Structure formats: C-alpha cells, structure tokens
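The values are calculated or read from the model by the stated rules, or taken from the named source; none is laboratory data. Note that the structure is predicted; figures quoted are calculated from it, not measured. Here Cβ is always computed from backbone atoms with ideal geometry, including for glycine, and neighbour counts include all displayed protein chains.
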Amino acid sequence: MYLFSFHKKLQFIGILSLLLLTILGCNNNNRSSTKINLENREPVQPAAREPQRENSLRIAVGGMVTPNAGFGYYRQFLDYIGMKLGTHVEFVDRENYAEINDLVKTGDVDLAFVCGGPYVEGHDEFGMELLAAPQAYGERVYYSYIIVLRDGPIKSFEDLRGKTFAFTDPLSNSGTLVPTYLLARMHESPETFFKKVIFTQSHDKSIRAVAQGIIDGAAVDSLIWEYLNRTNPVFTSKTKIIKKSPPYGIPPVVVRRDLKPKLKETLRRIFLTAHQDVQGREILKGMMIDRFTPIDDSAYDSIRQMKKWIDEQKAQGKRNE
C-alpha cells in the first residue's frame, strides 16, 4: 500500500488566485497531489528568524488555528498576555505547522497555538510541552468534518472516489491525518482514491473552495467550520457535513521544553484565569472560547495511535514491495 507522505507534499507549492485558480500537478493515471494557496499573493520564503528582544516573549499562532475573521482576537489575546506579564510580546507568524514546531524545538519561540497533530509530533520528537487547552462550545474536544457542496450529489465519503479533495496542512490532524486514516482503513490512499488532492494551508480556504465548487470535498476543523457558521455563514451555508470523525483532543497551547518553570506557571495561570476578568472574557468570546483549562498528554493518545497505525501500514507496504 502506498500511503500519503506528508512532508514530501510540502515541496509542491503553487500560489494561485481565486480568479485564476487552476488545479495543477503532475499526472499519474489522473491521480496527483499539489499544494495551492487560495489567496492572491506572491510566494514568499520562510521569514528569517529575528533576534529575540531582551525580556520579551515570542508567541506563534498556527495559521489554521483560527479563520482569518477571528485572527484579530488572537492578536488581542497576545497583547492581553503581555499586559498581564508586564512584558513585550512578539507575534511570530508562520504558514505551516512544521515551521512552528521547528521554532519551538530550537527555542526561537516560547509559546505556540498548535493543532493536536503537530503537538503529538513535537512532544514525541523533542519534548514539546502542554500549557493549557481551550474549552469551546462546552467541550475540550473537536472533530474532523468531511464537507461537500450542499446542493451537490455527493452524500457519503465513499462517493468522493475519483473526485478532487482538499487537505490543509500536512501535519494537521483534522485536515489531513484523519481523512488519510479513514482511507487507510479502507485499504486506500489519497493517491489511489481521489482524482486529485490539494493543500490549501487553511481550513477557511478549504471551506470556501468547496462552497465555490473549486473542489469536490475537504476535511476541515470542526471548530473553524462552527466559528464561521455562527459568525459569517456565507460559505459554510453552501456546504454540508457528510462525515464527522470521533472526538480528538482539542488544539492546545504549548511551550518549549526549557522554558523557565516560574514563567511557565505564570503563563498557565494567565490562561486558566482569563475568563475571570472582563477584558479576558471579551477577548475569549471573540475567539469562540469558553475558557482555557488544564489538559493531559493522554488526551492526544487517539491521534498518536492513528499516526502509529498509518506508519505501521506504510512500513508493511514497503516490506511487501
């Protein structure tokens, strides 16, 4: 079995606008994968790392943790953290989780908002640590939604065979790992099942691409879909959910392993009590977060087990070649 290679897909980056969008890629029996960006902007190289200011805190926010519409509230929350700490907070922007994980690993950021998949990889590879986790819509879990056009003929995941499909980031749990696992359980891979696979690097871009008929289906973060459906359903209203995954540990807040214990505990206290004051509560409301809570590594075991199973199947496939 030829299973999906997450990291190799990062090599294929196409930057296309919505008006000129063409699904590109090398053909292999009409089944291929490529990576696209649904924004009209020029390709950029990863930003050079800047020296950290003395007595400052560097925080990264994964581009897929929140839709563009909610991003401003995350910036406000970073300012809130700085105000509570009495220190300068530097916002570090990266387009993919691999870059953010690398920054946490090397100590170039102190804290990051990431997805469950990158957390599992970072924890197991270099000791990335949990700080806190959001509670949203009354839960500390989230789901992967498989979505299609609301008025289209596709009614089940199986109906997507031979269709075009969007993943988000290669390390995303809800946007890549879950659908890849679903296919592996069917003895399929994205390359064998779909006509073409694209990477959008954003859940809201995937939703928009499905709503506008650019692609047939997508795997998206339930938190992002629900946020947009509550605040601006212009695109979510044109999609329907044909499959909802089991619950997974919610995207957490993490810190680098060697962060000073006193600072770590201060940060944890700021997160866990933010809902108790007016300013923090208003920002959390805009983020669609009830509050931040403690969380244990075991909450992400189901993601870890999925990844392990896929890796084992991949290794078995190589042995059988």
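Key figures
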item: Lone unmet requirement of (1) at positive phi; (2) outside the structural domain of Arg268 (by TED's automatic domain parsing); (3) in contact (Cβ under 8 Å) with a residue 40 or more places away in the chain for Ile224; result: (1)
item: Lys264 in contact (Cβ under 8 Å) with a residue 24 or more places away in the chain, more than 30 Å from Thr231 (Cα to Cα), in a helix (DSSP H, G or I) and touching a Gly at 6+ places or on another chain (Cβ under 8 Å); result: no
item: Residue in region 244-254 that is closer than 26 Å to Glu95 by Cα, assigned to a strand (DSSP E or B), of a type in the set (Val, Ile, Thr) and under 18 Å from the mean Cα position of the chain (by Cα) present; result: yes
item: Helices (runs of 4 or more DSSP H) (entirely within region 90-193) containing at least 3 residues that are of a type outside the set (D, E, K, R) and either surrounded by 21 or more Cβ atoms within 10 Å (Cβ to Cβ) or in contact with a Phe, Trp or Tyr (Cβ under 6 Å, 6 or more places away or on another chain) (or both); result: 97-106, 116-126, 178-185
item: Leading residue by the ranking (surrounded by the most Cβ atoms within 10 Å (Cβ to Cβ)) among those in region 280-297 that are in contact with a Phe, Trp or Tyr (Cβ under 7 Å, 6 or more places away or on another chain) and under 19 Å from Ser222 (Cβ atoms); result: Phe292
item: Condition met for Lys155 (closer than 29 Å to Ile215 by Cβ and out of contact with any Pro (no Cβ under 9 Å at 6 or more places or on another chain)); result: yes
item: Tyr97 vs. criteria more than 21 Å from Arg75 (Cβ to Cβ) and of a type outside the set (Val, Ile, Thr); result: no
item: Test: residue in region 305-314 that is surrounded by fewer than 19 Cβ atoms within 10 Å (Cβ to Cβ), modelled with pLDDT of 95 or more and at negative phi; result: yes
item: In region 215-237, residue nearest to the chain's Cα centre (by Cα) [restricted to those that are part of a strand (DSSP E or B) and among the hydrophobic types (A, V, I, L, M, F, W, C)]; result: Val220
